[in-house]
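Structure record follows, encoded as structure tokens.
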Amino acid sequence: MIRIVIAEDDYRVAGIHEAFLSKISDVEVIGKALNGEDTLQLVKKLPIDLILLDIFMPDILGTKLIRKIRDLNASIDIIMISAATDKSMVEDALRNGILDYIIKPVKMDRFIETIEKYKNTRKILNKKEELDQAFLDNYFGHQQLDKSKSQLTPKGIDPLTLEKIKSIIDTKQFGITADEMGVEIGASRTTARRYLEYLISIGTCTAQLEYGIVGRPERRYLMLTKTS
């Protein structure tokens, strides 16, 4: 269970944030504070995991309050929720080690996403004795890219869609038409044909003409046989 304190001088806003938290499993609001002094008293008395902290408190700026919280309990995590967008204030909060910064008015989806990410991160940290690069890259927001998929492709060719199309062709012993591929990937015939023709241009596929009973011949695309 994640134990949370809401430090917010507007009780109505605090109530909204508490309502958002009620939609999330395994979290509990164990206290609310309307000013900095009350926040520090809660830090002294309660076993807090996370504080949702506003900047504009009536007796102290939240950015300064962070340091006082750290002095009392360095293990408490802090997510800043504020209307403040001043660059110096945001930078000050970031330098003091907040986990996230949400600008008011808060959208519920953004709020829940942040708390769920925090929950998942804590769960992993509690299980691991050592942290690998993949976890740290995800924690710090670095996108993981498979080198085989990160090659440059021309405009209109999405690498992920291209890989999906290649994997589909691999399963088609007798090839596939643009119409059939469009159905497979949920796209138009024109879109499917663009990807298939691109695969021919880079030497991954070949095409054979298929003559039907009526109408013009249709191209059937096959993966080129790999040679050792």
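The values are calculated or read from the model by the stated rules, or taken from the named source; none is laboratory data. As the structure is a computational prediction, the values presented were derived from the model and not from experiment. Using ideal geometry, Cβ is built from the backbone for each residue, glycine included, and neighbour counts are taken over all protein chains shown.
Could you go through region 51-58 and let me know if any residue there is farther than 18 Å from Arg12 by Cβ, out of contact with any Leu (no Cβ under 6 Å at 6 or more places or on another chain), surrounded by fewer than 18 Cβ atoms within 10 Å (Cβ to Cβ) and assigned by TED's automatic domain parsing to the domain that holds Glu28. Step through it out loud before you land on a result.
From region 51-58, those farther than 18 Å from Arg12 by Cβ are 51; that's our starting set.
Imposing the further condition that a residue be out of contact with any Leu (no Cβ under 6 Å at 6 or more places or on another chain) reduces the set to 51.
Then drop every residue that is not surrounded by fewer than 18 Cβ atoms within 10 Å (Cβ to Cβ), which leaves none.
Within region 51-58, not a single residue is farther than 18 Å from Arg12 by Cβ, out of contact with any Leu (no Cβ under 6 Å at 6 or more places or on another chain), surrounded by fewer than 18 Cβ atoms within 10 Å (Cβ to Cβ) and assigned by TED's automatic domain parsing to the domain that holds Glu28.
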| request: Those residues that are assigned to a loop (DSSP other than H, G, I, E, B) and surrounded by 17 or more Cβ atoms within 10 Å (Cβ to Cβ), I need them from region 77-89; list them, please. | output: Ala84
| message | What's the total number of residues in region 120-134 that are within 20 Å of Ile24 (Cα to Cα), surrounded by 11 or more Cβ atoms within 10 Å (Cβ to Cβ) and not hydroxyl-bearing (Ser, Thr, Tyr)? | response | 5
| Where residues in region 173-213 are more than 21 Å from Gly156 (Cα to Cα) and surrounded by fewer than 16 Cβ atoms within 10 Å (Cβ to Cβ), which of them is modelled with the lowest pLDDT? | Ile213
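Kindly establish whether Ala74 is of a type in the set (A, V, I, L, M), part of a helix (DSSP H, G or I) and surrounded by fewer than 19 Cβ atoms within 10 Å (Cβ to Cβ). Spell out the reasoning first.
Details: of a type in the set (A, V, I, L, M): yes; part of a helix (DSSP H, G or I): no; surrounded by fewer than 19 Cβ atoms within 10 Å (Cβ to Cβ): yes.
Spelling it out, it is not the case that Ala74 is of a type in the set (A, V, I, L, M), part of a helix (DSSP H, G or I) and surrounded by fewer than 19 Cβ atoms within 10 Å (Cβ to Cβ).
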